[in-house]
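Novice: Attaching a single structure in structure tokens format; questions to follow.
The values are calculated or read from the model by the stated rules, or taken from the named source; none is laboratory data. Keep in mind it's a predicted model, so treat the numbers as computed, not measured. Here the Cβ positions follow ideal geometry from the backbone for every residue, glycine too, while neighbour counts run over all protein chains shown. Side chains are part of the model used for accessible areas, which takes the heavy atoms of the whole protein and leaves out ligands, DNA and RNA. Shrake-Rupley method; radii C 1.70, N 1.55, O 1.52, S 1.80 Å.
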Amino acid sequence: MSTFKRLGALRSRDELVQYLAQWDFSLPIDEEILSGAQGSPLAQPWSVARFTLPNRWVIHSMEGWDANRDGSPSDLVLNRWKKFGASGAALIWGGEAFAVQQDGRANPRQLCHDDAHADSTYRALFETVCEAHREALLREGKSPDETFLVGLQLTHSGRFSKAPDDTFAPRIAYHHKMLDARVKIDPKDDSVVMSDGEIRALVDNYVKCARLAYKAGFHFVDVKHCHGYFVHELLSATSRPGNYGGDLQNRTRFLREVCDGIRTECPGMLIGVRLSIFDAIPGEASLSEPGVLRSCLTNEMIEIVRIMAEDIRIDLLNATAGSPYYSVYAQRPSFTPALEAVLTPEGELKIPPRIDPPEDPVLGCCRQIVSARELKRHFPNLPMVGTAYTYFQEFLPQVAQGVVREGWIDAVGIGRMVLPYGEMIADSLAGRPLQKRKICRTFSDCTTAPRNGMVSGCYPLDADYRIMSEALRLRDLKSPARPK
């Protein structure tokens with residue numbers, strides 16, 4: 001097991017400050033959680049385009065593994081969107097990764113566009129989250145007309161796409177030795193490389209899905225550029241010939257064409273980008289070296305964001321990093337890494353022994369925070385959301401208050417924390433004590449379960465998931481990996 005200190009074992013804000021000091025690093029961490037009435041920085045108004053939001057909390061988009069097989073939302077999906085709406089956050093960033101076409105799903109149970117049920121799918125998602133938000137406001141004695149922005153994250157999973165039988169069915173922007181091997185691509189097989197014509201058709205599908213989301217009421221779409229999926233991969237396609245590779249103008253052409261189409265067909269709809277602002281690919285010169293704490297921004301990434309902000313004129317940016325497929329320590333720091341069963345030569349599914357993360361997970365959080373801070377300095381007028389805060393656990397609101405107060409970032413997003421503790425935001429804004437038994441401890445069961453054929457959710461802490469038959473399967477599956 002890891003020798004890193006659990007953050008939950010730290011008893012005070014001062015202990016956290018001292019813990020970070022061993023790396024000669026400090027975060028602006030508030031002494032206490034402040035309610036809105038006490039002047040919390042997170043309760044201050046925030047301008048996004050023509051909207052003024054009442055607080056600076058955001059729910060990140062996540063990747064569900066429990067939609068219906070046709071891509072429509074199941075009851076489990078809609079229950080999760082209710083949590084998003086009731087959380088107290090003023091902005092829902094995409095809610096969930098939504099594949100724009102069937103061959104772009106990262107798993108066979110991911111939300112996905114399908115012409116047969118398009119209107120009902122988009123409408124169900126939007127109306128569910130908005131109704132839950134209205135009900136939560138009324139319970140808090142607030143106006144149900146408070147400004148609330150909801151987006152939909154549009155994606156194509158690219159080299160990490162899966163077929164309906166859950167086997168890899170990759171579509172890639174270019175060949176990459178290590179990443180091809182990760183998903184069993186023959187380096188000589190060019191049939192998996194999307195042609196320029198196929199990419200142009202993908203642009204049309206992004207615009208079509210944005211139009212349907214706009215019709216259903218969504219305020220913005222996120223043209224996802226992160227975590228190793230197809231559009232993120234285009235940004236590094238220097239070796240690709242044609243219109244979508246080579247120089248930076250070509251590598252950002254996809255976003256430009258999508259945004260042009262959305263502005264033509266959806267006047268007034270906002271456009272966001274969730275962007276991996278640095279990467280960490282094993283075996284290459286890494287921008288995120290384990291144990292090294294520094295900003296990882298490159299000059300090219302700064303130029304990419306300049307193109308997005310000034311030339312393409314996106315409305316808001318969500319700064320993340322890395323990929324769950326090859327650099328999870330950098331992308332989603334956690335004390336307990338996710339596990340994935342492998343098929344032995346004897347035909348038996350087994351989980352390999354745990355491999356501890358290569359560094360203290362808190363370093364991964366701080367690295368993302370300081371990199372986003374530098375990006376914010378370059379683009380002070382671009383509304384920007386920060387990532388990688390869940391690992392701070394009960395100190396999350398105090399860290400979030402501090403970085404927003406100091407102008408390191410405009411707003412703070414949470415993802416997996418909302419699964420067991422959807423009310424954390426509302427509790428902190430209202431000055432209520434945190435419910436410590438609900439706080440995410442980054443056990444990673446929310447990832448281990450779906451990677452092994454079970455629905456996504458928080459099995460250790462969410463009572464609804466704890467009683468599922470999958471919870472017992474998960475415990476049995478993990479038992480060989482436990483230390484003896």
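Novice: Cα-Cα over 21 Å: which of LYS83/LYS162; LYS142/LYS436; LYS142/LYS438; LYS224/LYS376; LYS82/LYS142; LYS83/LYS215?
Specialist: Values: LYS83/LYS162 28 Å; LYS142/LYS436 26 Å; LYS142/LYS438 25 Å; LYS224/LYS376 19 Å; LYS82/LYS142 18 Å; LYS83/LYS215 23 Å.
Where the Cα-Cα span goes over 21 Å, the pairs concerned are LYS83/LYS162; LYS142/LYS436; LYS142/LYS438; LYS83/LYS215.
Novice: Treat every Asp and Glu Cβ in the chain as -1 and every Lys and Arg Cβ as +1, leave all other atoms uncharged, and give the resulting dipole magnitude about the Cα centre to the nearest 20 debye. Show your work: numbers first, answer last.
Specialist: Working: 58 positive and 61 negative charges, 157 e Å.
In debye, rounded to 20, the chain gives about 760.
Novice: Can you figure out the FRET efficiency of THR298 with SER195, using R₀ = 22 Å and their beta-carbon distance, to the nearest 0.05? Spell out each step's value before the answer.
Specialist: Working: r = 29 Å, r/R0 = 1.32.
After rounding to 0.05, the efficiency reads 0.15.
Novice: Show the residues, 5+ positions off or on another chain, whose built amide H is closer than 5 Å to the amide H of VAL193.
Specialist: Close amide H contacts, sequence-distant or interchain: ILE172.
Novice: In Å², what does the accessible area per residue of the chain work out to with a 1.4 Å probe?
Specialist: On the way: 19140 Å² over 484 residues.
About 40 Å² of surface per residue is accessible.
Novice: Counting other Cβ atoms within 10 Å, which chymotrypsin sites (Phe, Trp or Tyr not before Pro) in region 58-93 have at most 14 and lie in a DSSP loop?
Specialist: Details: sites: TRP65, TRP81, PHE84, TRP93; in loops: TRP65, TRP93.
Loop-located and lightly packed - none at all.
Novice: Using θ = phi - 60° and the Karplus form 6.51 cos²θ - 1.76 cosθ + 1.60, what ³J(HN,Hα) does each residue of region 459-469 get, whole Hz, x for Gly and Pro?
Specialist: The phi angles translate into 6, x, 10, 8, 4, 5, 8, 5, 8, 6, 4 Hz.
Novice: Using θ = phi - 60° and the Karplus curve 6.51 cos²θ - 1.76 cosθ + 1.60, what whole-Hz ³J(HN,Hα) does each residue of region 277-291 get, with Gly and Pro shown as x?
Specialist: For region 277-291, the Karplus curve yields 7, 8, 10, 8, 9, x, x, 10, 4, 8, 7, 10, 6, x, x Hz.
Novice: Another one. When the accessible area of region 192-345 is computed with all protein chains present and a 1.4 Å probe, what percentage of it is carbon and sulfur? Provide the component values of the computation, followed by the final result.
Specialist: Numbers: 2730 of 5330 Å².
Exposed carbon and sulfur together represent 51 percent of the surface.
Novice: What number, rounded to the nearest 500 deg cm²/dmol, is the helix-based mean residue ellipticity at 222 nm of the chain, given -39500 (n - 2.57) per DSSP H run of at least four residues and division by all its residues? The partial results should precede the final answer.
Specialist: On the way: 16 runs with 160 residues, N = 484.
Value at 222 nm, helices only, nearest 500: -9500 deg cm²/dmol.
Novice: Give me the three principal axis extents of the chain from the C-alpha atoms, as integers in angstrom, largest value leading.
Specialist: Extents along the principal axes: 58, 57, 44 Å.
Novice: Taking the alpha-carbon distance from LYS188 and a cut-off under 17 Å, which lysines remain once sequence neighbours fewer than 8 residues away in the same chain are dropped?
Specialist: Excluding near neighbours in sequence, the set is LYS177.
Novice: Ordering SER195, SER286, SER323, SER47 from largest to smallest accessible area (1.4 angstrom probe), what's the sequence? Could the numbers behind the result be given before it?
Specialist: Numbers: SER195 55, SER286 30, SER323 0, SER47 75 Å².
Output order, biggest surface exposure first: SER47, SER195, SER286, SER323.
Novice: Which far-off residues, 5 or more places away or on another chain, put their amide H under 5 Å from the one on VAL150, with H placed in the peptide plane?
Specialist: Amide H neighbours of VAL150: ILE92, HIS219, PHE220.
Novice: Any chance you could tell me what percent of the C-alpha pair distances in region 12-171 go past 26 Å? Can you show the working numbers first?
Specialist: Numbers: 5574 of 12720 pairs.
Of all Cα-Cα pairs in region 12-171, 44 percent lie more than 26 Å apart.
Novice: Let me ask something else. Take every Cα pair under 8 Å in region 26-65 that's 6+ residues apart, average their separations, divide by the length, and report that relative contact order as a whole percent. Don't skip to the end; give the middle numbers.
Specialist: Details: 26 pairs, mean separation 9.7, N = 40.
The value is 24 percent.
Novice: Region 45-87: which trypsin sites (Lys or Arg not before Pro) are DSSP loop and have at most 12 other beta-carbon atoms within 10 angstrom?
Specialist: Taking region 45-87 and a limit of 12 other Cβ atoms within 10 Å, the loop trypsin sites (Lys or Arg not before Pro) found are ARG50, ARG69.
Novice: Using a Förster radius of 35 Å, what is the FRET efficiency between HIS378 and VAL17 based on their Cβ-Cβ separation? Nearest 0.05, please.
Specialist: On the way: r = 28 Å, r/R0 = 0.79.
Efficiency, rounded to the nearest 0.05: 0.80.
Novice: If you don't mind, another one. Using a Förster distance of 41 Å, how high is the FRET efficiency between ASN243 and ARG123, based on the Cβ-Cβ distance and rounded to 0.05? Don't jump to the answer; show the numbers that get you there.
Specialist: Working: r = 35 Å, r/R0 = 0.86.
My answer for the efficiency is 0.70.
Novice: So, one more: Check which residues have an amide H placed less than 5 Å from GLU96's amide H, if you skip close sequence neighbours.
Specialist: MET62, GLN153
Novice: May I ask you to compute the full-extension gain from GLN435 to ARG313, defined as 0.36 nm times their residue separation minus their alpha-carbon distance, rounded to one decimal in nm?
Specialist: Residue separation times 0.36 nm, minus the Cα-Cα distance, leaves 39.9 nm.
Novice: Can you tell me what share of the DSSP beta bridges in the chain is antiparallel? A percent to the nearest 5 is fine. It would help to have the intermediate numbers written out before the result.
Specialist: Values: 6 of 36 bridges.
For the chain, the DSSP antiparallel bridge percentage is about 15.
Novice: Follow-up question, since we're still on this one. From the C-alpha coordinates alone, can you work out the Kirkwood hydrodynamic radius of region 105-253, in Å? Numbers along the way, then the final one.
Specialist: On the way: mean 1/r = 0.0576 Å⁻¹.
The answer is 17.4 Å.
Novice: Have a look at TYR465, ALA124, VAL223 and report the one farthest towards the positive end of the charge dipole of the chain, computed about the Cα centre with Cβ charges (Lys/Arg +1, Asp/Glu -1).
Specialist: Value computed over the given set: TYR465.
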